[in-house]
Structures are given as C-alpha cells and as structure tokens.
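*Asks:* Got a structure for you, questions after.
The values are calculated or read from the model by the stated rules, or taken from the named source; none is laboratory data. It should be emphasised that the depicted structure is a prediction, and the values quoted were computed from it without experimental measurement. In this analysis, Cβ positions are derived from the backbone assuming ideal geometry, glycine residues included, and neighbour counts consider all displayed protein chains. Accessible surface is based on the protein model in full, side chains and every heavy atom, while ligands, DNA and RNA are left aside. Shrake-Rupley method; radii C 1.70, N 1.55, O 1.52, S 1.80 Å.
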Amino acid sequence: AFHCYIDSLRGKISILMIVLLHSLAGALHAQGNAVLNSLYSKMSASCVSMDYSFTMNSSDVKVVGNGSVKVQDSAYSMTGNGLQIICDGKTVWIIDAESKEVMIESPSQGDEAYMDNPALLFVNLSDAFSVDGVKKNGSVSTYVMSPMVSCGITAATLSVTSDPSPVISSAHFILSDGAEMDIKIKSMTFSEKKPLTSFFYDISGLDSSWVITDLR
C-alpha cells in the first residue's frame, strides 16, 4: 500500500518540486535576461531553500498543501504532505515517519529522471524549457514557458520578484493530465553549499519496527 501511495504522490509532488526550484535553470539562463541570469547564478552557487504552499485542481479533486525544499547541485531534500524525500544524487530515500516505512531507490534515468529527480533539472536544463514571453509589472516579471522535454508539464508561468534581489514568488502550471497547480513561495533563501552528508539518510539508526524496502 505504501508503494502505491508513493507512486501516486510522487507523480504530483515531484512535478511540484521540479517547478519550484528548477524550471528556470539552464534554459532561462540562455535567454539573456538579466533578472533570470542573476537568479540562476545564485541558485547554481548556493544551497537553495524554499517554503511553499500549493493548490492543485483536477477534474474531480482539489488538493492543498505546503512544505519545504532544499537543493544543492544534484542533491535535494524535501518535506510535505507527511513525507520526507532525500536524494544525495546517487540514492533516493522516501520516508514516511508516521507509518515507519522507508523506500530506497536509485534515481531514474532518461525522461523519467525529470519527474523523479528534480535536482537533475537544476544542473542540466539547457534544453528543458523555452521562454515564450514575459510581462513586467514593477519589480515582478512573469515568464510564459513551454517544456521541451517530457516532464509532466504542458504549460507554465513563473513570477520572479527582483526587488531587492531576484527570488521566485509564484508559479502556475498545467500538467499533462489536465490538472492545474498554483504555487506560492513563502520564502526563498540562499546559503553556502553544504557537505553531501547533509543529503544522506542513515537507516542504521532505525529500530526493528520500521519497514525498509530497498528497490535499488
């Protein structure tokens, strides 16, 4: 049951993480926009943290939630909707503390990697999104984007506030299954890069009441 739950959840939440921290890397940097270039440079050189809330509307359900995400190069850690997902670039740990269950996976390859390992988009998105247009309203620039890879998104808009320095403020996404997702960024901060051990989950400290499923 846990595995089925994870598969269903990750199909939505992984998309959320992708668009939160990675949709403007690489491809947007190549657009020559000073605001985006500044933001991309900060993201590439830092450990980036965000707190967020989201609303997702599909044909038969409305889902609201909030959480936090931290990313550095090919590693990330995110919490939300009762789960914690950690990736050090080589291994993914999915932790359900309430159910005392852990699933261990290797990061996906090919197009599926964009869905399951959002950090890959952060470090290698030179051909993932194109910018179709931009609207400016004071210090806020809203970018209309189209995906160029199979990542579960059909259309996107991303708002960046440039005062006093560029940060993501909100986003709207239309997913391939017809669902729409609105994201509000509560905070976005940049810090010095951390050792990769900060993105490692040590299962040796778990007692026998935990169920550990290793799918590597």
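*Asks:* Quick test of your reading of the structure: residue 183 fulfils all but one of (1) open to solvent by 50 Å² or more (accessible area, probe 1.4 Å); (2) closer than 22 Å to residue 94 by Cβ. Name the failing condition by number.
*Replies:* (1)
*Asks:* Restricting the search to the range 42-55, which residues are over 14 Å from residue 162 (Cα atoms) and either open to solvent by 20 Å² or more (accessible area, probe 1.4 Å) or without any contact (Cβ under 8 Å) to a residue 12 or more places away in the chain (or both)?
*Replies:* Within the range 42-55, 44, 45, 49, 51, 53, 55 meet the criteria.
*Asks:* With respect to residue 136, determine if the residue is touching a Phe, Trp or Tyr at 6+ places or on another chain (Cβ under 8 Å) and either free of Cβ contacts under 8 Å to residues at least 40 places away in the same chain or exposed (fewer than 12 other Cβ atoms within 10 Å of the Cβ) (or both).
*Replies:* It is false that residue 136 is touching a Phe, Trp or Tyr at 6+ places or on another chain (Cβ under 8 Å) and either free of Cβ contacts under 8 Å to residues at least 40 places away in the same chain or exposed (fewer than 12 other Cβ atoms within 10 Å of the Cβ) (or both).
*Asks:* Residue 52 - would you say it is at pLDDT 80 or above and in contact with a Cys (Cβ under 7 Å, 6 or more places away or on another chain)?
*Replies:* The answer is no for residue 52.
Conditions tested, residue by residue: (1) of a type in the set (D, E, K, R); (2) in contact (Cβ under 8 Å) with a residue 40 or more places away in the chain; (3) out of contact with any strand residue (DSSP E or B) (no Cβ under 7 Å at 6 or more places or on another chain); (4) under 23 Å from residue 48 (Cβ atoms).
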residue: 161; (1), (2), (3), (4): no, no, no, yes
residue: 173; (1), (2), (3), (4): no, yes, no, yes
residue: 177; (1), (2), (3), (4): yes, yes, yes, no
residue: 187; (1), (2), (3), (4): no, yes, no, yes
residue: 194; (1), (2), (3), (4): yes, yes, no, yes
residue: 199; (1), (2), (3), (4): no, yes, no, yes
residue: 203; (1), (2), (3), (4): no, yes, no, no
residue: 213; (1), (2), (3), (4): no, yes, no, no
residue: 216; (1), (2), (3), (4): yes, yes, no, no
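*Asks:* Also: Taking the stated definitions as given, is residue 206 more than 25 Å from residue 66 (Cα to Cα), out of contact with any Leu (no Cβ under 6 Å at 6 or more places or on another chain), of a type in the set (A, V, I, L, M) and at pLDDT 85 or above?
*Replies:* For residue 206, the condition - more than 25 Å from residue 66 (Cα to Cα), out of contact with any Leu (no Cβ under 6 Å at 6 or more places or on another chain), of a type in the set (A, V, I, L, M) and at pLDDT 85 or above - is met.
*Asks:* List the number of the failed condition for residue 124; all other conditions in (1) surrounded by fewer than 17 Cβ atoms within 10 Å (Cβ to Cβ); (2) at pLDDT below 80; (3) over 23 Å from residue 194 (Cβ atoms) hold.
*Replies:* Of everything listed in (1) surrounded by fewer than 17 Cβ atoms within 10 Å (Cβ to Cβ); (2) at pLDDT below 80; (3) over 23 Å from residue 194 (Cβ atoms), residue 124 misses just condition (3).
*Asks:* Do we have residue 95 as modelled with pLDDT of 75 or more, surrounded by fewer than 18 Cβ atoms within 10 Å (Cβ to Cβ) and aliphatic (A, V, I, L, M) here?
*Replies:* Judged against the criteria, residue 95 is not a match.
*Asks:* Out of all the residues in the range 63-74, is one or more in contact with a helix residue (DSSP H, G or I) (Cβ under 6 Å, 6 or more places away or on another chain), small (Gly, Ala, Ser) and open to solvent by less than 10 Å² (accessible area, probe 1.4 Å)?
*Replies:* Scanning the range 63-74, I find no residue that is in contact with a helix residue (DSSP H, G or I) (Cβ under 6 Å, 6 or more places away or on another chain), small (Gly, Ala, Ser) and open to solvent by less than 10 Å² (accessible area, probe 1.4 Å), so the answer is no.
*Asks:* Which ones in the range 186-210 are of a type in the set (A, V, I, L, M), more than 21 Å from residue 137 (Cβ to Cβ) and open to solvent by less than 70 Å² (accessible area, probe 1.4 Å)?
*Replies:* 203, 206, listed by residue number.
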